[in-house]
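Asker: Quick one: the structure is below, and I'll ask about it shortly.
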Amino acid sequence: MLDLLPDLFDAHAEQLSLARAIFNDYGGNTIFHGEIVTVCCYNDNSKVKELVATDGTNKVLVIDGKASMRRALLGDMLAEQAVENGWQGIVVNGCIRDAGTIATLPIAIKALGCCPIKTEKLGQGEINTIVSFADLSFNPGQYIYGDSNGLAVSKALLSI
């Protein structure tokens with residue numbers, strides 16, 4: 001399968017909300033879906049590090065970095081840990097770094113852009129709160145779907 005969203009919208013348009021097209025694809029995979037797990041953080045990826053160390057089976061990590069382009073909230077080491085722990089994908093409302101290495105990993109990653117500067121580790125951020133960006137709200141426990149065509153959310157798991 002090379003595309004997911006067109007078929008999903010053909011079958012379930014009334015159950016899906018489409019995100020504004022602001023993301024770039026960085027991971028080795030482009031198609032993903034899963035239960036939403038959120039983290040809200042600004043220029044501090046401490047909580048991201050905490051989450052990618054947990055079981056991500058059938059889950060997608062949605063990171064609201066408040067669209068900051070000043071620090072990278074995800075790099076190759078955290079992305080590799082996410083792969084090891086079974087995360088399906090990561091969406092970053094902010095930046096990643098190590099884009100070349102991340103492109104080789106078997107995980108879908110969408111972000112606004114790249115920044116080579118790492119974050120400070122201050123332990124700040126909130127896990128599993130509702131976050132909003134790209135004209136959507138991302139609610140923990142709901143479902144997210146992505147591919148090269150974009151990103152969409154639904155309240156319930158949809159048949160693919």
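What follows is calculated from the coordinates using simple rules that are stated; it is not laboratory data. For clarity, every value in this text was computed on a predicted model and none was experimentally measured. Every residue, glycine as well, gets a Cβ built from its backbone with ideal geometry; the counts of neighbours run over all protein chains shown.
Asker: Name the trypsin sites (Lys or Arg not before Pro) in region 100-147 that are in a loop by DSSP and that have at most 14 other C-beta atoms within 10 Å, would you?
Answerer: Values: sites: Lys110, Lys118, Lys121; in loops: Lys121.
Taking region 100-147 and a limit of 14 other Cβ atoms within 10 Å, the loop trypsin sites (Lys or Arg not before Pro) found are Lys121.
Asker: Also: I'd like the chymotrypsin sites (Phe, Trp or Tyr not before Pro) in region 1-75 restricted to DSSP loop residues with at most 10 other Cβ atoms within 10 Å, sorted by number.
Answerer: none
Asker: What distance in nm separates the two pseudo spin-label positions at Glu84 and Leu157, each 7 Å out from Cα along the beta-carbon direction?
Answerer: Placing both labels 7 Å beyond Cα along the Cβ direction yields 2.7 nm.
Asker: Here's another thing I want to ask about it. Can you give the FRET efficiency for Ala13 and Arg70, using 1/(1 + (r/R0)^6), R0 = 41 Å, r = Cβ-Cβ distance, to the nearest 0.05? Intermediate results must be reported in sequence, preceding the final value.
Answerer: Details: r = 37 Å, r/R0 = 0.91.
It comes to 0.65.
Asker: Among (1) 14.5, 41; (2) 14.8, 47; (3) 14.2, 44, which is the computed Rg and Dmax of the Cα atoms in Å?
Answerer: The value matching this structure is (3).
Asker: Per-residue ellipticity at 222 nm for the chain, helices alone: DSSP H runs ≥ 4 residues times -39500 (n - 2.57), over residue total, nearest 500 deg cm²/dmol? Write down the numbers at each step before the final one.
Answerer: On the way: 4 runs with 28 residues, N = 160.
After summing the helix terms and dividing by the residues of the chain, the value is -4500 deg cm²/dmol.
Asker: Further question on the same structure: Within a 10 angstrom radius of the beta carbon, how do Cys41, Cys114 rank from fewest other beta carbons to most?
Answerer: Neighbour counts put them in this order, fewest first: Cys114, Cys41.
Asker: If you don't mind, another one. Given Cβ point charges of +1 (Lys, Arg) and -1 (Asp, Glu) and nothing else, what value in debye, to the nearest 20, does the dipole of the chain about its Cα centre take?
Answerer: Numbers: 12 positive and 18 negative charges, 115 e Å.
Here the size comes out at about 560 debye.
Asker: Compute the Cα gyration tensor for region 15-107, then decide on rounded, prolate or oblate, letting a ≥ b ≥ c be the square roots of its eigenvalues: rounded whenever a/c is under 1.5, prolate when a/b is larger than b/c in the other cases, and oblate in all that remain. Intermediate values should be presented prior to the final figure.
Answerer: Numbers: a/c = 1.18, a/b = 1.01, b/c = 1.17.
Rounded is the answer for region 15-107, as its axis ratio a/c remains below 1.5.
Asker: Quick one: check the C-alpha center-to-center distance for region 55-116 versus region 17-44, whole angstrom.
Answerer: 8 Å
Asker: I need the trypsin sites (Lys or Arg not before Pro) found in region 1-79, filtered to DSSP loop residues with at most 16 other beta carbons within 10 Å of theirs.
Answerer: Within region 1-79, the qualifying trypsin sites (Lys or Arg not before Pro) (loop, at most 16 other Cβ atoms within 10 Å) are Arg20, Lys66, Arg70.
Asker: Counting only pairs 8 or more residues apart or on different chains, how many lysine pairs in the chain have their Cα atoms under 19 Å apart?
Answerer: Value for the chain: 16.
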